[in-house]
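Each reported figure results from applying straightforward, stated rules to the coordinates on display, with no laboratory input. Note that this is a predicted model, so its numbers are computed, not measured. Cβ atoms come from the backbone with ideal geometry, glycine included; neighbour counts cover every protein chain shown.
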Amino acid sequence: MPLIVSAALLLLAEGVGLLAVSVWQGIAWMSGDVESPVSAAALLVLTVVAAAALLAFGAAVWRGQSWGRSGAVVSQVLILAVALGAATGEFAHPLIAAALALPAVVCLILVIAVARRAGRAERAAAREDDADR
């Protein structure tokens, strides 16, 4: 149970963090502090959608639903890709990359552990069901 709670809480925290980034983006967009208002609006919408997805994945992991674990794994891999981009290139910032990558790695490990535990429980239940027949 602690694995499920830890994974779900970390996913929920990531979702709330992305909502905070959305607020920041919205303020920058509304104040005109962007080079392309259309691109800024699109990025804002995508960030809100990603935040909603992370919140949904966190709630699903909390409830033990497998689709939440699947979505969580995909989202953590995508976050790691963003962290890699933040660590490389012309405007590389290793500290931002580390701040993105560390929670993603921890969450990925937790979600995989939760998925493995759920798989073992399903197999045990199937064996018990077969023994009852």
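Evaluated at q = 0.14, 0.20, 0.22, 0.25 Å⁻¹, the base-10 log of the normalised Debye intensity for segment 64-133, with identical point scatterers placed on the Cα atoms, takes the values -0.55, -0.80, -0.88, -0.99. Here segment 63-86 is scanned for amide nitrogen atoms under 16 Å from the site 7 Å beyond the Cα of Ala99 along Cα-to-Cβ, giving 80, 82-86.
Candidate values (1) 1.01; (2) 1.12; (3) 0.92 were compared with Rg/Rh (Cα atoms, Kirkwood Rh) computed on the shown model; the agreeing label is (2). Between Ala113 and Ala92, residue separation times 0.36 nm minus the direct Cα-Cα distance comes to 4.4 nm. Placing +1 on the Cβ of every Lys and Arg and -1 on the Cβ of every Asp and Glu, with nothing else charged, gives segment 2-132 a dipole about its Cα centre of roughly 300 debye. Taking 7 Å steps out from each Cα toward its Cβ at Leu78 and Arg123 produces label points 3.1 nm apart. Note the angle between two axes, namely the Cα long axis of helix 37-63 and the longest principal axis of the Cα atoms of the chain, as a number of degrees from 0 to 90, rounded to the nearest 10. Result, in degrees: 20. Take the alpha-carbon centre of segment 44-59, take the same for segment 19-40, and report the distance between them in whole Å. The distance from the Cα centre of segment 44-59 to that of segment 19-40 comes to 17 Å.
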